[in-house]
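Throughout, read-outs are computed from the coordinates displayed, never taken from laboratory work. Nothing here was measured: the structure is a model prediction, and the numbers come from that model. Neighbour counts run over all protein chains shown; Cβ positions are idealised from the backbone, glycine included.
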Amino acid sequence: CFAASYAVALTLEISRVFFRPLVRRYVSWIFMVLGLFTHTSYLVFRAQEGYSLRGTPLSNWYHWCLVAAWLVATCYLLISFSRPTTTSGVFLLPLVLALIGVACLFPRDQVFPISTGHRVWGSIHGATWTLGTATVTIGFAAGIMYLLQSYRLKRKIPMKTGFRLPNLECL
């Protein structure tokens, strides 16, 4: 459900290049908010289920990929709200969908083997690993946008009407 919401938001973001109705931006935000709500609800449900069954919430590769996708989607929504004229979704939303797709390749119920003494450090390690994955993913997208913007500015290519990137300082 949340992947479908993100796919619709990506389609609306790509359509920005071809036409610029103001309503499209708000519809895209609605789909992103709905997607993040369902994504958050799913992660909370899986965390509660994992904690009650095994004592370890979100403790496998499947969950980590979904949490990383949630972090990237949240960053996109924040960027989209703060800089509504840029098209960062063309770069970030495919990465969100890719992380969800990679998550589907892993088994959902196979948890990491964690002993009682390592449970706390395993959780800390898992959280920082997930945060690092999301940060590198966003950095990758920002780097691509930087290279495109830099190329456009060096060659003095005029900006297309529906395809605006953040300025180089922001990237």
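Numbers at a glance
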quantity	calculated
Single residue of F45, F91, F37 found to be assigned to a helix (DSSP H, G or I), closer than 20 Å to V136 by Cα and aromatic (F, W, Y)	F91
Among the residues listed as S5, S52, S41, the single one being among the small types (G, A, S) and buried (at least 16 other Cβ atoms within 10 Å of the Cβ)	S5
Whichever residue in region 16-34 is among the hydrophobic types (A, V, I, L, M, F, W, C) and in a loop (DSSP other than H, G, I, E, B) and, among such residues, is surrounded by the most Cβ atoms within 10 Å (Cβ to Cβ)	V17
Candidate set: region 58-87, residues that are touching a residue at least 60 places away in the same chain (Cβ under 8 Å) and not in a helix (DSSP H, G or I); chosen: the one nearest to S5 (Cα to Cα)	T87
